[in-house]
Amino acid sequence: MMPYVTRGWFLKGSKPIVKTTYCKGRISIFGALSGDELSAQMTEERCDNKTYLQFLKSLLRKFGKILVVVDGASYHFEKEHVQRFYEEKKDVLKVIQLPAYSPELNPIEQSWKKVKKWLAISLWATKEEFEMRICEALNNTNFMTELYDYYLP
């Protein structure tokens with residue numbers, strides 16, 4: 001995992017070195033906000049239509065009926081599987097696409113921003129510790145964006 005270092009204090013002219021246990025591992029996270037919780041699914045796979053559909057199905061099992069706000073990621077609109085799933089589930093699934101390059105309109109992006117900022121000052125030595133830190137953040141209500149207040153003027 002590449003460390004997420006945002007800034008630091010160093011002596012002027014020094015060449016700081018951040019020691020890490022870098023590996024080429026991957027952790028992808030799908031997330032959804034409801035009125036009172038942040039639902040997330042971590043995977044070591046790439047985000048694609050298969051992993052996205054798994055996440056949508058888990059949300060439908062949990063909530064029954066959902067409204068999904070999506071960005072422009074290509075797997076959100078893959079024709080063969082995702083579009084067909086949207087059509088089959090149109091009675092319990094409503095999808096709204098945000099305009100391109102507008103993360104400020106997506107409340108989950110504000111939650112991710114808080115989580116990344118916290119991870120930047122957290123220490124971990126192994127991938128397992130990193131996953132634990134992510135789980136801590138995802139279960140912490142301080143990182144949740146208030147969904148209903150988000151769209152109010």
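The values are calculated or read from the model by the stated rules, or taken from the named source; none is laboratory data. Quantities reported herein were computed from a predicted structural model and do not represent experimental measurements. A quick note on method: Cβ atoms are made from the backbone with ideal geometry, for glycine too, and the neighbour counts reach across all protein chains shown.
Key figures
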{"read-out": "Meets criteria (over 18 Å from S39 (Cα atoms) and in contact with an Asp or Glu (Cβ under 6 Å, 6 or more places away or on another chain)) for Y101", "value": "no"}
{"read-out": "Residue match in region 121-130 (condition: at negative phi, part of a loop (DSSP other than H, G, I, E, B) and touching a Lys or Arg at 6+ places or on another chain (Cβ under 6 Å))", "value": "yes"}
{"read-out": "Residue match in region 41-64 (condition: in a loop (DSSP other than H, G, I, E, B) and at positive phi)", "value": "yes"}
{"read-out": "Test set (1) among the polar types (S, T, N, Q); (2) modelled with pLDDT of 85 or more; (3) outside any helix (DSSP H, G or I) - S111 fails condition number", "value": "(3)"}
{"read-out": "Residue check, S34 of a type in the set (G, A, S) and modelled with pLDDT of 90 or more", "value": "no"}
{"read-out": "Test: residue in region 92-100 that is in contact (Cβ under 8 Å) with a residue 60 or more places away in the chain, among the β-branched types (V, I, T) and either surrounded by 17 or more Cβ atoms within 10 Å (Cβ to Cβ) or not in a strand (DSSP E or B) (or both)", "value": "no"}
{"read-out": "Whichever residue in region 114-134 is within 15 Å of S28 (Cα to Cα) and without any contact (Cβ under 8 Å) to a residue 40 or more places away in the chain and, among such residues, is surrounded by the most Cβ atoms within 10 Å (Cβ to Cβ)", "value": "V115"}
{"read-out": "Test: residue in region 72-79 that is over 19 Å from E37 (Cα atoms), at pLDDT below 95 and over 21 Å from the mean Cα position of the chain (by Cα)", "value": "yes"}
{"read-out": "Residues of region 80-128 that turn out to be of a type in the set (D, E) and under 19 Å from the mean Cα position of the chain (by Cα), as a count", "value": "3"}
{"read-out": "Subset of region 78-131 [more than 24 Å from D48 (Cβ to Cβ) and of a type in the set (G, A, S)]", "value": "A120, S122, A125"}
